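S.K.: First the structure, then my questions, so here it is.
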Amino acid sequence: MKKTAALLLSTLLACTMQAKVILPSFFSDNMVLQQKQDVAVWGRTDRWRTVTIRPSWIRRSYKAVPDADGKWSTRIPTPAAGGPWTITFSDGDKTSISNVLTGEVWFCSGQSNMEMPVRGFHGQPVEGSADMILSARPSVPIRMCTIGKKYSLTPLDSCTGSWQEHTPEAVADASAVAYFFALRMHEVLDVPVGLLITDWGGTPIEAWMDRSTLDAGFAGEFNMAHLDLGIVPEKNPNCSPCMLFNGQVAPLIPFTFKGMLWYQGESNRDRPGQYARLQPAYVKMMRELFQNPDAPFYFVQIAPYDYSMDPERLCGYFYEAQEATLEQIPRSGMAGTADIGEQRCIHPARKRQVGDRLAYMALADEYGLSGIEERSPSYKSAEFKDGKAIVTMNVGPLGLAPLKQEIEGFELAGADRVFHPATGIPRGNTVTVSSPEVPEPVAVRYCFRNWCRGTLFNSYGLPALPFRSDNY
């Protein structure tokens, strides 16, 4: 009888222990929730236990009923930016997360130029990193959550990663582009900013996409044998279609965020035509899966770099493909980088400029701030006469810079389609381009190559996007 009673007590205790609500790793102390939204919360418990959620910012509770597998989910309304708050979850046994803030949350993803931390990579520094790291204080309401690297053949429902306060250690390890974006956003908006970061260097966009999206829009373009056979590829499994979506995106669905930052493309640069279709499909997928159809999407032009094994103008076609996606993706913008690349380093040190340029677009588009021209100048048209190309740019009322100075980065071609270096002189919204080697030009290009230092700007220092007038 005693043994039976002991066994029963042991079973009851085990059930009680199992009953405690299990939250995803990224529902942790120090997290940031999107302000003034019905945000998604979810987790696991025993299937017969209702979960009660009590946020400290409101005098009421919310209920969630688990399914047959013990999974539960619901949405709770969040207040305006502020905190710290506490959220208690109970199914009879309580668990809580504390020091929670409400503010602006951004989903940040991509390959190595997004991954590059504030402390830099080995032998590849980030400009200004020492100042940023040493001056970091937990009192600054910027929080970071970086998801652990994981590839998978099937979509996972769990991952690693927890929210970190604004300490020197956390800032040093955070994505530099994402961090500088958050810093500018906080300085201007004076609200908490949260960064949910998932990245992996050297990976193509198709690794970040789900099976149904690739099957629907890109049938036959990718080898899906690893998924069909259930066998992890021996070589570069993290670069195979769907593997990073399954491991590093699927567990985050449907986390509530304001918008997305994306710095990726170097690993797809040899397929510009396909990329012009892949990136819009990626954004559509993300908006649908995260139930956020209006989420803004801001991305970065891949950095100029001397890809010595590639044709010298390959990146020009890729820049063009990236810019073309702007017409297909509502509420999107591209940060130009023509001026901040490094010829011998694919990871440029000037990450603060990238983060700022992303923030300028977000602040203007999503938060209604005005006072600057937030987008890079872009090509509008070209006219050829008197041995010169007169290029008209899309630019604001202050025009192009530097005014009336000769600048480099242009090329001209005649009827033979052979391009030669040329110089341009900006004035207003036009640039007059000429070359002694091309007396009768018919085509003009600007920074349309792998490596080129951009020298044309708007009056706020944003670099013109690379372009070409031809369709050769």
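S.K.: Applying the Karplus parametrisation 6.51 cos²θ - 1.76 cosθ + 1.60 with θ = phi - 60° to the phi angles of segment 95-107, what ³J(HN,Hα) value in whole Hz is obtained for each residue in order, glycine and proline being reported as x?
M.R.: 9, 9, 10, 10, 6, 7, 10, 10, x, 10, 10, 10, 8
S.K.: Determine how large the accessible area of SER381 is when every protein chain is in place; take a 1.4 Å probe and give Å² rounded to the nearest 10.
M.R.: 50
S.K.: May I pose another question? Report, by chain and number, residues whose modeled amide H sits under 5 Å from the one on TRP57, excluding near sequence neighbours (fewer than 5 apart, same chain).
M.R.: HN-HN under 5 Å from TRP57: THR86.
S.K.: Taking the alpha-carbon distance from LYS388 and a cut-off under 19 Å, which lysines remain once sequence neighbours fewer than 8 residues away in the same chain are dropped?
M.R.: LYS380, LYS404
S.K.: Can you list the HN-Hα couplings for segment 150-160, worked out from phi with the Karplus curve (6.51, -1.76, 1.60; θ = phi - 60°), rounded to whole Hz and with x for Gly and Pro?
M.R.: Calculated HN-Hα couplings, in order: 6, 10, 7, 6, 10, x, 8, 10, 8, 7, 10 Hz.
S.K.: Could you tell me the calculated FRET efficiency between LYS63 and THR160, based on Cβ-Cβ distance and R0 = 41 angstrom, to the nearest 0.05?
M.R.: Computed FRET efficiency for LYS63 and THR160 comes out at 0.90.
S.K.: About the Cα centre, and with charges only on the beta carbon of Lys, Arg (+1) and Asp, Glu (-1), how big is the dipole of segment 399-472? Nearest 20 debye, please.
M.R.: It comes to approximately 260 debye.
S.K.: Okay, moving on. Please name whichever of ALA443, GLY273, VAL171 sits farthest to the positive end of the charge dipole of the chain, dipole taken about the Cα centre and charges placed at Cβ: Lys and Arg +1, Asp and Glu -1.
M.R.: Working it through, the farthest residue towards the positive pole turns out to be VAL171.
S.K.: Just in segment 154-253: which trypsin sites (Lys or Arg not before Pro) are loop by DSSP and have at most 13 other Cβ atoms within 10 Å?
M.R.: LYS235
S.K.: Starting from 0.36 nm per residue, how many nanometres of slack lie between GLU288 and THR95 once their C-alpha separation is accounted for?
M.R.: 66.4 nm
S.K.: Show which lysines lie in cross-link reach of LYS94 when reach means a straight Cα distance below 29 angstrom and same-chain residues fewer than eight apart are skipped.
M.R.: LYS20, LYS36, LYS63, LYS71
S.K.: While we're on this one: Given (i) 67, 60, 44; (ii) 105, 50, 39; (iii) 76, 58, 37, which label gives Cα extents along the principal axes in Å as computed from the coordinates?
M.R.: Of the listed options (i) 67, 60, 44; (ii) 105, 50, 39; (iii) 76, 58, 37, (ii) comes from this structure.
S.K.: A further question follows. With everything on Cα atoms, drop me the angle between helix 272-289 and the longest principal axis of the chain, reported from 0 to 90° to the nearest 10.
M.R.: Compared with the principal axis, the helix lies near 30 degrees.
S.K.: I've got another one for you. Applying 1/(1 + (r/R0)^6) with R0 = 35 Å to the Cβ-Cβ distance of CYS345 and GLU406, what FRET efficiency is obtained, to the nearest 0.05?
M.R.: Numbers: r = 28 Å, r/R0 = 0.80.
Calculated transfer efficiency: 0.80.
S.K.: While we're looking at this one, here's another question. Excluding same-chain residues fewer than 8 positions from LYS150, which lysines have a Cα within less than 21 Å of its Cα?
M.R.: Correct list for LYS150: LYS235.
S.K.: Still on this structure, please answer the following. Can you list the residues, at least 5 places off or on another chain, whose amide H is less than 5 Å from the amide H of ASN394, using H built in the peptide plane?
M.R.: Excluding prolines and chain starts, which carry no amide H, the hits are SER378, TYR379, LYS380.
S.K.: Dipole of the chain, Cα-centred, from +1 at each Lys and Arg C-beta and -1 at each Asp and Glu C-beta, to the nearest 20 debye?
M.R.: About 1660 debye.
S.K.: Oh, and also: With only Lys, Arg, Asp and Glu charged, each at its Cβ (+1 for the first two, -1 for the last two), find how big the charge dipole of segment 282-419 is about the Cα centre; round to the nearest 20 debye.
M.R.: 200
S.K.: Still on this model: Accessible area, 1.4 Å probe, largest first: how do THR86, THR198 sort?
M.R.: Sorted by accessible area, descending: THR86, THR198.
S.K.: Residue by residue, what Karplus-based ³J(HN,Hα) values in Hz, rounded to whole numbers, does segment 421-436 have, using 6.51, -1.76 and 1.60 with θ = phi - 60° and x for Gly and Pro?
M.R.: Result, rounded to whole Hz: x, 9, 10, x, 10, x, 7, x, 9, 10, 10, 9, 10, 8, 8, x.
S.K.: Under a plain spin-label model, where a point goes 7 Å from the Cα along Cα-to-Cβ, how far apart in nm are ASP470 and LEU369?
M.R.: 4.2
S.K.: What does the extension gain come out to for SER25 and ASP190, with contour length at 0.36 nm per residue minus their alpha carbon separation?
M.R.: The span from SER25 to ASP190 would gain 56.7 nm if fully extended.
S.K.: Could I ask something else about it? Helix-derived [θ] at 222 nm for the chain: sum -39500 (n - 2.57) over DSSP H runs of at least 4, divide by residue count, nearest 500?
M.R.: Numbers: 10 runs with 106 residues, N = 472.
-6500 deg cm²/dmol, from helical runs alone.
S.K.: For SER135 and HIS122 in the same chain, what is the full-extension length gain: residue separation times 0.36 nm, less their Cα-Cα distance, in nm?
M.R.: That works out to 2.5 nm of additional length.
S.K.: Please go through segment 382-452 and write out the trypsin sites (Lys or Arg not before Pro) that DSSP classes as loop and that have at most 11 other C-beta atoms within 10 Å.
M.R.: LYS404, ARG417
S.K.: Give the accessible area for PHE297 in Å² (nearest 10); use a 1.4 Å probe, count only protein heavy atoms, and leave out ligands, DNA and RNA.
M.R.: Result for PHE297: roughly 0 Å² accessible.
S.K.: Using only the heavy atoms of the protein chains and a 1.4 Å probe, how would ASP339, ASP173 rank by accessible area, largest first?
M.R.: Ranked from most to least accessible, the order is ASP173, ASP339.
S.K.: Check which residues have an amide H placed less than 5 Å from THR146's amide H, if you skip close sequence neighbours.
M.R.: Amide H neighbours of THR146: SER162, ILE197.
S.K.: Further question on the same structure: If a/c stays under 1.5 just call it rounded; otherwise compare a/b with b/c (prolate if a/b is bigger, oblate if not). Do that for segment 315-357, with a ≥ b ≥ c from the square roots of the Cα gyration tensor eigenvalues. Before the final figure, lay out each step's value.
M.R.: Working: a/c = 3.61, a/b = 1.51, b/c = 2.39.
Oblate.
The values are calculated or read from the model by the stated rules, or taken from the named source; none is laboratory data. For clarity, every value in this text was computed on a predicted model and none was experimentally measured. Counting neighbours? That spans all protein chains shown, and the Cβs are built from the backbone with ideal geometry, glycine included. We work out accessible area using only protein heavy atoms, side chains counted, and drop any ligands, DNA or RNA first. Shrake-Rupley method; radii C 1.70, N 1.55, O 1.52, S 1.80 Å.
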